[in-house]
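Engineer: Have a look at this one before I ask anything.
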Amino acid sequence: MSISDVDLKIIRCLQRNARATNKSIASATGVTEQTVAGRIRSMSDGHVMRVMAQRDLQAAGYRLLAFASIFVLGGSLKRVASQLTAIEEAFSVVLCPGSPELIVTFVAPDAATLDGMMQRVHAIFGVVSVELTTAEEITTFRLGSGNLRTDVGPPLPLDRQDSLDEAIIALLVENGRQSNREIARRINISEGSVRIRLKRLAERRAMRLGVVCEPDRIGYAAGAYVYLDGSADVLAMIVDEMAEEEIVSFAAVTDGAHGALLFCVAASEALIAALCVDRLRAISGVDQLIYRPLLRSLKHRYDYVFVGDDKHQRNWHYVPEVATKRKRLS
């Protein structure tokens, strides 16, 4: 399925409001309501775009986000990758060219649990070593991409709603644009009950309705992790500034193996290199920059995000009430 300019405009409208009416989208894009309905249906059926419920990591009890660079013994990659993808708390597993061969994102409720996960990883035959980088302050966390041909899987172990809330979320994961009336019909409760439960879920930040796209289908063919080390003040300013760049979907001050981390997606590796590598290497106070492109995604829980507004993204662990903007880079 080819993607038109109208399709991209529709996606942008849905990103602003996932349950915007076909009428309002038609008005914004200059096409008919019937065209809007047909294009949304075609993009969903063609695994290009999906409006869906996304659960919140913090509300589910996961306070830690850690990135493990995993070095693998030759000939063991397939077996190691299979065992890592089977770990429920492995939020994503990506294959990288060269070494480390795998980068795995883990979520955990606390440091002790994370330590236990790392012991399990070290015990996997074929794992030579692991470098762990833990997010301390996250300035941006935008997850709007995923392999829509794969199932999202069951909720994470700590994420347990009551049976009716779980049924509502499951239906909205399937199709985030179905009406409250349709949801009520399918689970045999009143429309008013659906409305009340959705309001309660939103107030708890337990879920949001978002748009997930296949990145390569909408022009984002490259992805890369960018690890930084150097002056703490400089790294903090870099994370602030780069969080505003369109191609940066994740930016955080980190602890452990590295001092800061960016995750970037763009139309090409050249664009990532020009913006996030060449520019950053020239900044005084950056001692080391490691660029790790993605070869292939083996697992990605695109049904989980950090449901926070901008002022709550300053520090993912503690979620302060006020976010103070740091000085911008010159």
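Engineer: Between S179 and D287, how many nm apart are label points set 7 Å from Cα along the C-beta direction?
Structural biologist: Once both label points are built, they end up 6.2 nm from each other.
Engineer: Grab the chain and count how many Lys pairs have their alpha-carbon atoms under 19 Å apart, sequence gap of 8 or more, or different chains. Intermediate results must be reported in sequence, preceding the final value.
Structural biologist: Details: K9/K23; K78/K299; K311/K325; K311/K327.
Taking the chain as the scope, the lysine pair count is 4.
Engineer: Next question, about the same structure. Once the cut-off is 16 Å, how many percent of the Cα-Cα pairs in region 5-46 end up in the long-distance tail? Spell out each step's value before the answer.
Structural biologist: On the way: 160 of 861 pairs.
Result: 19 percent of Cα pairs exceed 16 Å.
Engineer: For R160 paired with R200, estimate the spin-label separation in nm (one decimal), with each label point 7 Å from Cα along the Cα-to-Cβ line.
Structural biologist: Distance between label points: 1.7 nm.
Engineer: Two decimals is fine: what is log10 I(q)/I(0) at q = 0.09 Å⁻¹ for the chain, from a Debye sum with one equal scatterer on every Cα and no solvent?
Structural biologist: -0.50
Engineer: Between D151 and A267, how high is the FRET efficiency from 1/(1 + (r/R0)^6) when r is the Cβ-Cβ distance and R₀ = 35 Å? Nearest 0.05.
Structural biologist: On the way: r = 28 Å, r/R0 = 0.80.
Efficiency for this residue pair is about 0.80.
Engineer: In whole angstrom, and with the biggest value first, how far do the Cα coordinates of region 27-149 range along each principal axis?
Structural biologist: Principal-axis extents of region 27-149 (Cα, largest first): 57, 34, 22 Å.
Engineer: Further question on the same structure: Taking 0.36 nm per residue of sequence separation and subtracting the Cα-Cα distance, how much length would be gained by fully extending the chain between E88 and M118, in nm to one decimal? Intermediate results must be reported in sequence, preceding the final value.
Structural biologist: Values: separation 30, 0.36 × 30 = 10.80 nm, distance 1.33 nm.
Value of the extension gain: 9.5 nm.
Engineer: Follow-up question, since we're still on this one. Go ahead and estimate [θ] at 222 nm for the chain from helices alone: -39,500 (n - 2.57) per DSSP H run with n ≥ 4, summed, over the residue count, rounded to 500.
Structural biologist: Numbers: 10 runs with 102 residues, N = 330.
My calculation for the chain gives -9000 deg cm²/dmol from helical runs alone.
Engineer: Within region 20-41, whose backbone N sits under 13 Å from a point 7 Å along Cα→Cβ of D5?
Structural biologist: 29-31
Engineer: To make sure I understand, if each residue's beta carbon is the centre and we count other beta carbons within 10 Å, what order do V211, V31 fall in, fewest to most? Intermediate results must be reported in sequence, preceding the final value.
Structural biologist: On the way: V211 22, V31 17.
The most exposed by this proxy come first: V31, V211.
Since every read-out is calculated from the coordinates, none of them should be taken as a lab result. Predicted, not measured: the structure shown is a model, and the values here were computed from it. Quick reminder, even Gly has a Cβ in these numbers, built from the backbone with ideal geometry, and neighbours come from all protein chains shown.
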